[in-house]
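Asks: My questions will all concern the structure given below.
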Amino acid sequence: MPKYKVGDKVKVKDNLAHRSGYCMAGGHHSNSVVPEMLRLRGKTVTIKEAEDAGYHIGEDNGAWCWTDDMFCGAAHSQKYKVGDDDWYPCCHFEYHPEGMACNSPVITDDDFSRILMS
């Protein structure tokens, strides 16, 4: 089940990287970033279609498939608390010798302190 619904405003990660893979929550689907997606880094976009495999957004006329890990979160919600598993620095993709794996660690007390100090 998709994390975001049609009409949600979400922020694209500032550090979205070309040719990097990004996963949907749960890690069952992933997608890579193409150069045309990079122009939307750091921008707020609107979900136009939500599927288990990813999202289509209005700002690129639905041309590309976006995933949960390509977004920082809902555009209006940038507050974090201990135990959150959906915060910007941890949503990323890692390569392993056996293939690809998604990594979304839970925020810790130390992470929370670092966020408060920034």
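The values are calculated or read from the model by the stated rules, or taken from the named source; none is laboratory data. Note that this is a predicted model, so its numbers are computed, not measured. Cβ: placed from backbone, ideal geometry, glycine included. Neighbour counts: every protein chain shown. These area figures cover heavy atoms from the full protein model, side chains too; ligands, DNA and RNA do not enter into them. Shrake-Rupley method; radii C 1.70, N 1.55, O 1.52, S 1.80 Å.
Asks: Tell me whether region 4-23 contains one or more residues that are modelled with pLDDT under 90 and either open to solvent by less than 90 Å² (accessible area, probe 1.4 Å) or touching a Leu at 6+ places or on another chain (Cβ under 9 Å) (or both).
Replies: Yes.
Asks: Mind listing whichever residues of region 54-74 are in contact (Cβ under 8 Å) with a residue 60 or more places away in the chain, buried (at least 19 other Cβ atoms within 10 Å of the Cβ) and part of a strand (DSSP E or B)?
Replies: Phe71, Cys72, Gly73
Asks: When residues of region 28-53 are filtered for being in a loop (DSSP other than H, G, I, E, B) and either among the hydrophobic types (A, V, I, L, M, F, W, C) or touching a residue at least 40 places away in the same chain (Cβ under 8 Å) (or both), how many remain?
Replies: 4
Asks: Quick check: anything in region 38-48 open to solvent by less than 30 Å² (accessible area, probe 1.4 Å), modelled with pLDDT under 95 and touching a helix residue (DSSP H, G or I) at 6+ places or on another chain (Cβ under 8 Å)?
Replies: So far as region 38-48 goes, no, none of its residues is open to solvent by less than 30 Å² (accessible area, probe 1.4 Å), modelled with pLDDT under 95 and touching a helix residue (DSSP H, G or I) at 6+ places or on another chain (Cβ under 8 Å).
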